[in-house]
Amino acid sequence: SLPSTALAEESLLQSVDKLTKAMIAGVASPSFCEYYRSFGWQSAEAYFEELGEAQIMLVDIDHNDADDRLAIILLAYQMASANMDRRSKDPKATCTLYLDGRTYQNSGITIWRTLRLSIRLHALLRHMGLSVEPVFTDLDDCLAKATAHLGTSATKKADSIVANSGSTLQATGPGSSRPNLVGAFRGSVGGPPRMVAIWILSGVCKEQVEDIRVGCQTPGIKLVIYEQAQPAWHSCEVPKTATRQPSWFWPPSTEEELEKGFGVEPSNIRSGEKPYNEILETYLSLQKVVAEHPSQVIYVCPALARSDATMPAPCGQIMHKVSGRPLTVLPGDHYIVKKALDPARTEKVFNDLVTASRVIEDTSSLYSELLVAAADDKGVERQELKHIVKYGTFMADAILIALAARPLASFTTDAVVRRLAVVEVRADDCTGQAPPVASEAHVGESSQEEVQEEKDRHNTVQLLEGEQRSEPSGCFGMSFCSPAPER
């Protein structure tokens, strides 16, 4: 029942093709209002009841790939399309998309690219009632880093590149930058809870986790969290032909086997500016927040990997199979498809989008965004993105939107209990001379009451807590999934 490679690719191509047609038709056309319906939504009211009038994307635009941008554009146009339809009944209806880049808010290029895309999308879609707002903690510091990246020293010079970019960081109205996500969590008094969708497309930082905690604790708010990666991963060698989970062994007998458990987590789990062990601890803290508020959160993972694989399960149990999403493209004035099930069709769909954005006047700035690949803002290839030039960028984030920005009732889901831990290892542990005792890799299980309360709820992952020791010589995450309890 989990998404297949073919479904992932087909969903993305259909979403991009429908977006192209909506752009060509124009925002005044009924076709534009139909765009969000192509995802399976029956009405604008149903759309905002499930995903909320405020949606949040945790992003790392152009940090080490180039797929965030298309994912953001797809969701922004979907929200604007739904709100445009809603305005036929409520002309003043509005909604907000937050682009939270705080995981990499020390990176001038990430700040600048997030800011620029936010401004361009806000300018294009604000007439449909959508505000697009970047989120960074220290606005003055971010402006300094962005202008330093551009080689400028003043807000006025940044404004000359994209109108109002510097002043957007410093403004307070719709479309301006925010220091946190608190504004997204305005509670509902009476009536059904107000939904807020959170899309995890990058690593998470402590500031984001604390904001999500606030959201969970706000009366009248319910969160639906979509995570791009599969919910569990192998941290030791498993034969490719295995269908049942083999016994987990410790300590690893060789250094090579130890390395197989180090850094194998999905990229959004191990990404960030902090040390590796702190990044994993922050991710676990997010899962603890979710586990502490089981009635407030729906947690959805599409369970796709870079290649066909399995997810770990309790020893001896059948492992979940997960499909690969190998689609990779090199963006530019002509998109080059590096890998796809149907390369010719994929190339045509992407290049039709680029052509449409180039010839339609009111999307000319969007055309500039779609061209961005592996170059910096001076046109020089970024050495840290050489892999994109050679292999293309995975479209994982855009596939997430194409697959999951749909009614929950349309999903075919497997509910699982998720167990996560972080193991920290001393140097002598790796030699086999001093095996770690149980307390050094402790996992505490969620309460039976929490599991009982959530056992028949679709799309929800119940989590376990992990505990870390200080001053590790090395650490890695491990996990497994088992079927959720049944009545």
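We did not get these values from a lab; they are worked out from the coordinates using the rules stated. Because the structure is predicted, anything quoted here is derived from the model rather than measured. Note: ideal-geometry Cβ built from the backbone for every residue, glycine included; neighbour counts use all protein chains shown.
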>> For region 76-131, compute Rg over Rh where Rg is the Cα radius of gyration and Rh is the Kirkwood radius from the inverse mean 1/r over Cα pairs.
In response: 1.10
>> Expected output is a single nm value to one decimal: the length gained when fully extending between Ala242 and Glu257, i.e. 0.36 nm times separation in residues minus the C-alpha distance. What is it?
In response: 3.6 nm
> Can you give the three extents of the C-alpha atoms in region 260-337 along their principal axes, from longest to shortest, in whole Å?
Replying inline: 47, 36, 31
> So, how do all the Cα-to-Cα distances of region 1-60 break down into 5 Å bins, in percent, from 0 on up?
Replying inline: 4, 15, 17, 18, 27, 14, 4, 1
> DSSP loop trypsin sites (Lys or Arg not before Pro) in region 312-389 with at most 16 other Cβ atoms within 10 Å of their Cβ, which ones?
Replying inline: Lys378, Arg382
>> Can you give me the distance in nm between label points at Glu347 and Ser4, each placed 7 Å from the Cα along the Cα-to-Cβ direction?
In response: 2.6
> Taking region 220-317 as the region of interest, what is the percent of Cα-Cα pairs per 5 angstrom bin, listed from the shortest bin to the one with the maximum distance?
Replying inline: 2, 11, 17, 20, 21, 16, 9, 3, 1, 0, 0
> Once the piece of chain linking Thr94 and Lys339 is laid out straight, how much longer is it, given 0.36 nm per residue of separation minus the C-alpha distance between them?
Replying inline: 84.3 nm
>> Can you give me the Kirkwood hydrodynamic radius for region 280-389, using every pair of distinct Cα atoms, in Å to one decimal?
In response: 18.0
> Percent of alpha carbon pairs in region 1-109 separated by more than 18 Å?
Replying inline: 57
